[in-house]
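Here the structure comes first, spelled out in structure tokens, and everything after it is commentary.
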Amino acid sequence: MNKNTLGPLAVVLIGVTAFGTMLAFSEQPTACPCDSSSSPNPWHPCLQNPCPFQTLTMSSYQINNPTNVTLNLMNPGNVAVALIAYYVKDSSGNQYANGNWSGPSIAPGAAISINILIDGTAFTFHAGMYYTVEIVTLHRYFTFTIS
């Protein structure tokens, strides 16, 4: 190779390397999908951490009468939870469905009491019997057992 071409070739190689490095580090971190553990850019971590997570816990309940139960719920998650339907099943498999319920929205860290009403046609609530209450949100189902 001619020594007159080595100088310009080295300058071009160094310039391309410097430009590529600047491009790689000039990108900003990106938000990643919640079901992904890796960023599309290997130089930057995901911004969304932790991912929004809906959760509900039941602290207690009270059978008020044969067609009404109060559930005391808490949202320990990091996003609000909107309740949209509920289903109640007795130990024999009889079910009451309220699929068109305009339930409350529970803010993160908040605790509320909700009344679960059934019509009493399929079954009624009695102390000592087991019932499954399924609360439906926009993204998840939460199941609680009462007796």
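The residue of region 91-138 that is modelled with the lowest pLDDT, among those that are within 13 Å of residue 75 (Cβ to Cβ) and among the β-branched types (Val, Ile, Thr), is 137.
Filtered by the rule that a residue be under 18 Å from the mean Cα position of the chain (by Cα) and assigned to a strand (DSSP E or B), region 128-143 gives 134, 135, 136, 137, 141, 142, 143.
Looking across region 81-110, the residues that are closer than 18 Å to residue 69 by Cβ and in a strand (DSSP E or B) come down to 83, 85, 86, 87, 88, 89, 90, 95, 96, 97, 98, 106. Checking the structure you have, find out if any residue of region 117-124 is aromatic (Phe, Trp, Tyr) and assigned to a strand (DSSP E or B). No, region 117-124 contains no residue that is aromatic (Phe, Trp, Tyr) and assigned to a strand (DSSP E or B). Of all the criteria given as (1) surrounded by 14 or more Cβ atoms within 10 Å (Cβ to Cβ); (2) over 16 Å from residue 142 (Cα atoms); (3) under 26 Å from the mean Cα position of the chain (by Cα), the one not satisfied by residue 85 is (2). So is residue 102 free of Cβ contacts under 8 Å to residues at least 24 places away in the same chain and out of contact with any strand residue (DSSP E or B) (no Cβ under 7 Å at 6 or more places or on another chain) or not? Yes.
The values are calculated or read from the model by the stated rules, or taken from the named source; none is laboratory data. In this text, all values refer to a predicted model and were calculated from it rather than measured experimentally. Reconstructed Cβ throughout: ideal geometry from the backbone, glycine too, with neighbour counts over all protein chains shown.
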